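Below you'll find the structure, written out as structure tokens, and then a few comments.
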């Protein structure tokens with residue numbers, strides 16, 4: 001289990017695993033008597049595999065970041081004890097609700113764990129993977145010391161916006177030069193000498209892919225220098241071009257913890273390595289920084305790029321490259337989010353591996369079942385044999401693993417696939433005041449054997465049911481079949497961009513959803529806005545014909561180009577009528593952007609008898625939103641059974657105005673006539689389009705024309721609001737700790753702790769949870 005970090009709130013974790021740790025806690029308690037310490041808080045944690053316990057002691061100091069340099073784990077026991085290891089614990093802090101049982105006073109090991117679980121339940125304790133990386137603020141201090149450059153601050157009085165912009169440009173250039181020199185120093189003064197005493201395997205473990213980073217940043221720095229020679233107006237383009245190449249940081253950052261552990265192990269156990277490293281350290285900035293410090297710098301640097309660009313953008317409001325800077329900022333935010341998710345997935349896979357090793361008779365790899373949601377003791381009864389049994393459950397996205405506790409390990413009893421089940425509440429049992437009387441059902445969709453689960457408390461039942469709902473939502477999203485697709489949770493072997501928003505599918509496994517029919521990949525929150533599936537009978541998207549040549553000049557800002565000649569026909573994928581750039585594809589799967597003024601709707605070659613005027617001759621029957629000839633009352637009956645926000649376009653029989661838009665909103669079906677007047681299509685007097693295809697199709701295909709999401713309310717509480725932000729993108733929560741966002745949502749920010757991992761905590765639409773900080777724009781921050 002990853003220990004919580006030591007950060008700005010002065011969190012000092014200590015593992016209570018024996019006499020050595022008891023002395024450490026007593027030492028901390030002595031510090032707590034000083035006038036500078038306000039209070040101590042204790043928490044007890046139980047390891048997921050039930051092989052160890054630890055006490056977290058929070059020292060809250062008036063001075064802010066109060067540090068205690070001590071062990072985070074007890075040296076008297078391994079971090080990952082082998083199955084069967086006995087753990088002796090002694091009561092240390094009198095203020096705990098009950099002492100830890102010792103081996104001498106405990107008759108049954110299960111009773112020990114049961115007591116700890118009850119204590120954890122009372123205080124709602126658990127691992128928080130959104131918390132800070134250990135010593136993240138210390139890493140920031142090291143980064144600032146190493147990369148610091150003498151650049152005039154852009155916020156001083158009397159400076160013009162151009163002056164401030166130039167300061168930002170210089171900071172980017174000079175810090176990049178300092179960073180590249182640091183990489184060279186590591187290679188020259190550490191990597192090359194250490195090859196004499198370390199094996200290739202140890203070198204790779206410690207330095208990971210640092211040589212690849214050096215090559216990328218050699219080119220990156222040169223590109224920045226060239227841009228600065230012309231005033232820095234093309235700097236945004238440099239960042240956009242290097243986004244894909246900087247993905248290699250995912251591997252570096254996710255292996256950082258292992259690299260540090262490997263180095264520390266070698267320093268502690270091999271004198272020749274220790275002497276060689278000390279010798280090398282003296283050659284780098286007079287021995288001011290250790291190798292452990294320098295190895296953290298790349299991770300800190302890559303997560304600073306979006307902050308540097310954000311500052312530059314704030315002083316470029318009247319610059320012609322402003323739009324491209326926005327694109328570059330989004331690209332670096334996306335990169336930071338991707339890297340943080342790779343790190344997070346690395347930790348998740350480590351946790352899954354611990355589960356895997358503790359379950360006997362398990363013949364499949366747990367990582368194939370998605371991410372773990374929750375685990376713990378429940379009572380399980382088969383609907384067939386009515387026998388209630390004590391079981392330990394591991395819930396994943398795709399399955400629930402039912403086990404029987406067997407000492408420190410578990411014996412596999414059942415694997416239940418969630419795809420073939422539905423969950424229902426059992427309100428009758430809730431009336432019983434006895435423990436383990438709060439139940440719910442898992443019912444097979446085809447009438448096969450089902451299961452009933454019993455929880456110890458009502459709160460525990462709520463948590464389990466929420467996690468079951470989230471898991472089922474992940475494997476069966478509401479919009480999985482939108483636009484004729486068949487999206488399924490999928491692990492992408494290569495880094496993939498979402499077909500809708502063009503951002504990375506983040507992480508290393510089950511990053512998103514794949515439609516096997518057309519090969520499109522998407523985020524969960526983007527499923528409903530993916531263009532129609534190209535492999536179904538519904539046909540392709542709207543056809544447009546080029547009215548002028550386009551060879552990529554001018555270029556769409558930060559987007560791929562689609563070139564064509566006059567007369568070429570292309571498929572329209574996305575077209576906002578207010579945007580000068582539309583997206584389309586021609587003759588294949590590769591898509592790109594082009595000026596909207598360079599195309600017009602492609603007419604149908606042949607007209608049927610008694611047809612409408614040629615200006616209206618476009619075939620709409622291929623599009624999923626077109627319902628054909630339909631009466632008003634038929635439309636009402638059809639839409640009433642759908643969710644609010646569902647729409648269609650229909651042909652009005654025997655009416656002067658040929659088309660109408662029908663949409664369900666607030667439980668009512670509304671109808672809007674489409675008026676054809678003076679060769680224009682009108683929805684309102686103020687909004688007109690060249691044709692129904694250009695106007696309505698472009699509106700319906702643009703991002704954000706989605707039905708409202710259904711959000712489950714959480715318990716209400718009133719934490720302190722430290723800021724507000726507006727959601728810039730949709731985000732679909734993957735478990736109950738996360739907060740779903742819709743573009744435009746106003747979010748109350750409760751905590752920025754964990755921001756270096758890309759997550760903030762906040763509330764919107766009555767729900768509280770963690771959300772990606774790069775998906776929102778904080779209000780009042782320039």
Open item on the list: Any residue in segment 197-209 that is touching a residue at least 12 places away in the same chain (Cβ under 8 Å) sitting within a Cβ distance under 7 Å of a residue that is outside any helix (DSSP H, G or I) and surrounded by 18 or more Cβ atoms within 10 Å (Cβ to Cβ)? List the pairs, counting only those 6 or more apart or interchain.
Closed with: 208/255
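How many of the residues in segment 477-490 are outside any loop (DSSP other than H, G, I, E, B) and in contact with a helix residue (DSSP H, G or I) (Cβ under 9 Å, 6 or more places away or on another chain)? Spell out the reasoning first.
To start, the set of residues in segment 477-490 that are outside any loop (DSSP other than H, G, I, E, B) comprises 482-484, 488-490.
Okay, now just the ones that are also in contact with a helix residue (DSSP H, G or I) (Cβ under 9 Å, 6 or more places away or on another chain), so 482-483, 488-489.
Number of matching residues: 4.
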Task: Among residues of segment 367-385, those that are more than 22 Å from residue 465 (Cβ to Cβ) and free of Cβ contacts under 8 Å to residues at least 40 places away in the same chain, counted - done: 2
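Just to be sure, is residue 246 under 30 Å from residue 263 (Cβ atoms) and surrounded by 17 or more Cβ atoms within 10 Å (Cβ to Cβ)?
On the way: under 30 Å from residue 263 (Cβ atoms): yes; surrounded by 17 or more Cβ atoms within 10 Å (Cβ to Cβ): yes.
Considered against the rule, which asks whether it is under 30 Å from residue 263 (Cβ atoms) and surrounded by 17 or more Cβ atoms within 10 Å (Cβ to Cβ), residue 246 comes out as yes.
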Task: Test: residue 550 is at pLDDT 80 or above, in contact with a helix residue (DSSP H, G or I) (Cβ under 8 Å, 6 or more places away or on another chain) and under 30 Å from residue 351 (Cα atoms) - done: no
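Among the strands (runs of 3 or more DSSP E) contained in segment 570-654, which hold 2 or more residues that are surrounded by 13 or more Cβ atoms within 10 Å (Cβ to Cβ) and at pLDDT 75 or above?
Details: elements: 581-585, 591-595, 599-601, 626-629, 647-651.
Once the strands (runs of 3 or more DSSP E) in segment 570-654 are filtered for at least 2 residues that are surrounded by 13 or more Cβ atoms within 10 Å (Cβ to Cβ) and at pLDDT 75 or above, what remains is 581-585, 591-595, 599-601, 647-651.
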Task: Flag if residue 351 is assigned to a helix (DSSP H, G or I) and in contact (Cβ under 8 Å) with a residue 12 or more places away in the chain - done: yes
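Collect the residues in segment 557-569 that are outside any loop (DSSP other than H, G, I, E, B) and over 30 Å from the mean Cα position of the chain (by Cα), keeping them in residue-number order. Before you say what the answer is, go through the steps one by one.
Quick first cut of segment 557-569, residues outside any loop (DSSP other than H, G, I, E, B) only: 561, 564, 569.
Residues satisfying the conditions are 564, 569.
Yes or no, residue by residue, for (1) more than 31 Å from the chain's Cα centre (by Cα); (2) not in a strand (DSSP E or B):
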| position | (1), (2) |
| --- | --- |
| 411 | yes, no |
| 424 | no, no |
| 442 | no, no |
| 448 | yes, yes |
| 454 | yes, no |
| 462 | no, yes |
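Looking at this structure, is residue 756 under 28 Å from residue 301 (Cα atoms), outside the structural domain of residue 332 (by TED's automatic domain parsing), within 20 Å of the chain's Cα centre (by Cα) and modelled with pLDDT under 75? Steps first, please.
Numbers: under 28 Å from residue 301 (Cα atoms): yes; outside the structural domain of residue 332 (by TED's automatic domain parsing): yes; within 20 Å of the chain's Cα centre (by Cα): yes; modelled with pLDDT under 75: yes.
It is true that residue 756 is under 28 Å from residue 301 (Cα atoms), outside the structural domain of residue 332 (by TED's automatic domain parsing), within 20 Å of the chain's Cα centre (by Cα) and modelled with pLDDT under 75.
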Task: Selection within segment 464-476 - in contact with a helix residue (DSSP H, G or I) (Cβ under 8 Å, 6 or more places away or on another chain) and part of a helix (DSSP H, G or I) - done: 468, 471, 472, 474, 475
Open item on the list: So, in segment 491-505, how many residues would count as being in contact (Cβ under 8 Å) with a residue 60 or more places away in the chain and in a strand (DSSP E or B)?
Closed with: 1
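The values are calculated or read from the model by the stated rules, or taken from the named source; none is laboratory data. On a predicted model such as this, the values are computed, not experimentally measured, just so you know. Counting neighbours? That spans all protein chains shown, and the Cβs are built from the backbone with ideal geometry, glycine included.
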